[in-house]
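The values are calculated or read from the model by the stated rules, or taken from the named source; none is laboratory data. Keep in mind the model is a prediction, meaning the values are calculated, not measured. Every residue, glycine among them, receives a Cβ derived from its backbone with ideal geometry; neighbour counts consider all protein chains shown.
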Amino acid sequence: MTDRALAVVRAGALTTVQDLGRPGHAHLGVPRSGALDRPAADLVNRLTGNPPETAVLETTVNGCTVRPRSTVTVAVAGAPCRVAVDGRPVAWGAPVRVPAGALLDVGPAVSGLRSYVGVCGGITVEPVLGSRSTDLLSGLGPPPLTDGTVLPLGRPSGVHARVDVAPQPAPPAELVLRVTLGPRDRWFTPEAVRTFVSRPYRVSPASNRIGLRTEGAALERARPGELPSEGMVLGAVQVPPDGRPVVFLADHPTTGGYPVIAVVRAADLAAAAQAVPGTPVRFTAVRRR
Amino acid sequence: MKVLPVGEDALLVEVSSGDEAHALHAELLRRRAEGALSAREIVPAARTVLLDGLDAPARVAAELTAAELPPAPPRARAVVELPVRYDGPDLADVAAHWGVPEREVARLHAGTEFRVAFCGFAPGFGYLTGLPPRYDVPRRATPRTAVPAGSVALAGPYTGVYPRSSPGGWQLIGTTDAVLWDHARVPAALLSPGTRVRFVPVEPVGHP
């Protein structure tokens with residue numbers, strides 16, 4: 001068969017199609033979505049000669065297995081994992097040729113959580129509001145992959161890969177998130193703000209694409225009640241009534257009523273996307289640039 | 001107007017009322033349209049407007065702090081009419097909160113012109129204001145695990161219509177067949193911030 005498509009043999013725990021997301025629609029209640037580990041998604045696109053807006057696969061915990069119907073170049077990066085073609089080990093973090101009908105297995109993450117699978121030509125499911133990303137909060141975009149799903153692939157751009165191997169950061173043993181305080185830090189006691197930027201937290205297993213939830217010291221409020229709903233940004237650290245900070249990731253709601261004590265720097269969110277439950281988390285306050 | 005920095009490239013502009021937020025939102029959209037403001041997102045909410053993806057947040061903050069808020073623009077936009085059947089399961093509870101007979105809930109609600117103050121919760125879900133404060137109602141003590149799409153609902157000062165089936169704690173007073181969200185349609189959202197809305201009973205109110 002020569003048609004450009006990818007058959008999903010093993011969907012894995014949660015594998016979704018992701019690209020740069022659909023920013024610009026937050027005023028309609030549409031989350032931005034998009035790849036959680038943006039540098040990793042960018043890298044697999046560069047390794048396969050795709051433009052940066054090309055859709056890739058984002059796996060969670062245990063990878064996925066796919067069978068391309070035509071010969072394609074793929075690359076796997078993000079969470080390190082074993083990669084095999086028809087059972088033979090191939091390189092992770094580098095372009096790999098997968099013959100038509102061969103089985104590409106992306107193994108369980110050895111460390112980190114989310115591996116990215118780039119395919120030359122990209123995944124070309126129908127875009128919604130300009131993006132092919134699966135948004136788990138709103139349900140926009142294609143549903144998460146299931147066994148047997150067939151994904152259409154685009155034509156290669158004809159551009160040669162601009163890198164063949166690339167250094168990548170190892171998933172963090174400790175997640176250090178730089179934050180700028182506010183806009184609602186005054187809703188917390190000074191003691192709570194000190195606790196937030198000095199005490200260790202841990203990544204909660206309840207974390208997902210919507211938010212990185214934490215376990216640790218509850219942050220005490222200086223004032224009770226809810227804020228009138230206000231707009232939320234990527235990286236916002238919202239504190240729900242249980243007092244444990246939640247870092248908003250790509251599928252976060254566009255508005256919310258719990259106070260945002262701080263905002264995590266965008267550059268630190270890729271590491272947040274790879275932090276497994278139980279990973280120690282430290283929030284460290286930095287000045288606004 | 002109070003301008004709060006949010007992270008590295010966003011600002012939260014706080015005002016003192018929903019009407020001011022409406023006026024500020026309109027003014028910020030105007031500035032963006034004429035090229036005087038570069039923001040990826042302009043997100044109005046209850047008492048704030050969020051500007052996200054700013055090139056020069058410090059400069060925009062200084063400009064806004066110095067600016068006088070112009071009055072809200074005239075109501076130029078057409079009214080979106082939503083056909084509604086006042087048949088919700090919480091109609092009696094809402095009537096009790098309001099201290100009126102059930103069919104009076106329908107008459108008061110259908111007699112109100114609403115405005116989409118902001119969107120959120122789900123794509124195409126608008127928070128509509130227009131009812132006087134004495135008609136605020138609490139959320140249900142126990143949220144429903146599934147509220148059907150098209151449910152017309154009340155909570156706090158807001159009316160909303162569920163664009164799709166989802167869990168929800170609002171008081172359900174009616175049902176509409178209007179399609180609030182269709183991503184294949186342009187525009188996908190029937191309601192966007194600033195849209196004027198009327199609920200038009202499918203059956204004459206008071207003559208079931």
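What the table below lists for this structure:
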{"read-out": "Lone qualifier among A:38, A:32, A:46, A:10 - being surrounded by fewer than 20 Cβ atoms within 10 Å (Cβ to Cβ) and charged (D, E, K, R)", "value": "A:10"}
{"read-out": "Subset tally (residues that are in contact (Cβ under 8 Å) with a residue 60 or more places away in the chain and either assigned to a loop (DSSP other than H, G, I, E, B) or away from chain B (no Cβ under 12 Å) (or both)) for segment A:233-259", "value": "8"}
{"read-out": "Breaking point among (1) surrounded by fewer than 23 Cβ atoms within 10 Å (Cβ to Cβ); (2) in a strand (DSSP E or B); (3) at the interface with chain B (Cβ under 10 Å from one of its Cβ atoms), for residue A:284", "value": "(3)"}
{"read-out": "Given (1) outside any loop (DSSP other than H, G, I, E, B); (2) in contact with a strand residue (DSSP E or B) (Cβ under 8 Å, 6 or more places away or on another chain), index of the condition residue A:191 fails", "value": "(2)"}
{"read-out": "Strands (runs of 3 or more DSSP E) contained in segment B:38-144 and holding at least 2 residues at pLDDT 95 or above, within 14 Å of another protein chain (Cβ to nearest Cβ) and in contact with a helix residue (DSSP H, G or I) (Cβ under 7 Å, 6 or more places away or on another chain)", "value": "B:41-44, B:48-52, B:114-119"}
{"read-out": "Filtered residues of segment A:50-59 (kept if surrounded by fewer than 21 Cβ atoms within 10 Å (Cβ to Cβ) and touching a residue at least 40 places away in the same chain (Cβ under 8 Å))", "value": "A:51"}
{"read-out": "Boolean, residue B:59 is out of contact with any strand residue (DSSP E or B) (no Cβ under 9 Å at 6 or more places or on another chain), within 30 Å of residue B:2 (Cβ to Cβ) and either charged (D, E, K, R) or crowded, with 19+ Cβ neighbours inside 10 Å (or both)", "value": "yes"}
{"read-out": "Close pairs from segment B:101-118: first under 24 Å from residue A:28 (Cα atoms), partner in a helix (DSSP H, G or I), Cβ under 6 Å, at least 6 apart", "value": "B:117/B:18"}
{"read-out": "Strands (runs of 3 or more DSSP E) fully within segment A:63-120 counting 2 or more residues that are touching a residue at least 12 places away in the same chain (Cβ under 8 Å) and more than 16 Å from the chain's Cα centre (by Cα)", "value": "A:64-68, A:72-78, A:81-85, A:96-98, A:104-109"}
{"read-out": "Test: residue in segment B:7-22 that is within 12 Å of chain A (Cβ to nearest Cβ), out of contact with any helix residue (DSSP H, G or I) (no Cβ under 8 Å at 6 or more places or on another chain), within 21 Å of residue A:21 (Cβ to Cβ) and among the aliphatic types (A, V, I, L, M)", "value": "no"}
{"read-out": "Single unsatisfied condition, residue A:228 versus (1) in a strand (DSSP E or B); (2) within 14 Å of another protein chain (Cβ to nearest Cβ); (3) of a type outside the set (D, E, K, R)", "value": "(1)"}
{"read-out": "Residues satisfying the stated conditions in segment A:124-137, i.e. within 16 Å of the chain's Cα centre (by Cα) and of a type in the set (S, T, N, Q)", "value": "A:131, A:133, A:134"}
{"read-out": "Restricting segment A:244-276 to residues that are closer than 20 Å to residue A:219 by Cβ and out of contact with any Gly (no Cβ under 9 Å at 6 or more places or on another chain), the residue that is surrounded by the most Cβ atoms within 10 Å (Cβ to Cβ)", "value": "A:259"}
{"read-out": "Number of the condition not met by residue B:25 [criteria: (1) without any contact (Cβ under 8 Å) to a residue 24 or more places away in the chain; (2) within 11 Å of chain A (Cβ to nearest Cβ); (3) assigned to a helix (DSSP H, G or I)]", "value": "(1)"}
{"read-out": "Residue A:151 assigned to a loop (DSSP other than H, G, I, E, B) and of a type in the set (A, V, I, L, M)", "value": "no"}
{"read-out": "Qualifying residues in segment A:44-62 (those that are charged (D, E, K, R) and not in a strand (DSSP E or B)) - the one nearest to residue A:153 (Cα to Cα)", "value": "A:53"}
{"read-out": "Residue in segment A:10-23 that is closer than 30 Å to residue B:128 by Cβ, within 14 Å of chain B (Cβ to nearest Cβ) and not basic (Lys, Arg) present", "value": "yes"}
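Yes or no, residue by residue, for (1) surrounded by 16 or more Cβ atoms within 10 Å (Cβ to Cβ); (2) in the same structural domain as residue A:253 (by TED's automatic domain parsing); (3) more than 14 Å from residue A:72 (Cβ to Cβ); (4) of a type in the set (S, T, N, Q):
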position	(1), (2), (3), (4)
A:85	yes, no, no, no
A:98	yes, no, no, no
A:109	yes, no, yes, no
A:115	yes, no, yes, yes
A:140	yes, no, yes, no
A:143	no, no, yes, no
A:182	yes, yes, yes, no
A:185	yes, yes, yes, no
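Residues are listed down the side, and each one gets a yes or a no for (1) surrounded by fewer than 24 Cβ atoms within 10 Å (Cβ to Cβ); (2) in contact (Cβ under 8 Å) with a residue 40 or more places away in the chain; (3) not assigned by TED's automatic domain parsing to the domain that holds residue B:180:
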site: B:128; (1), (2), (3): no, yes, no
site: B:132; (1), (2), (3): yes, no, no
site: B:137; (1), (2), (3): yes, yes, no
site: B:142; (1), (2), (3): yes, no, no
site: B:145; (1), (2), (3): yes, no, no
site: B:152; (1), (2), (3): no, yes, no
site: B:155; (1), (2), (3): yes, no, no
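Residues checked against (1) modelled with pLDDT of 95 or more; (2) not basic (Lys, Arg):
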| position | (1), (2) |
| --- | --- |
| A:177 | yes, yes |
| A:184 | yes, no |
| A:191 | yes, yes |
| A:201 | yes, yes |
| A:215 | yes, yes |
| A:225 | no, yes |
| A:230 | yes, yes |
| A:261 | yes, yes |
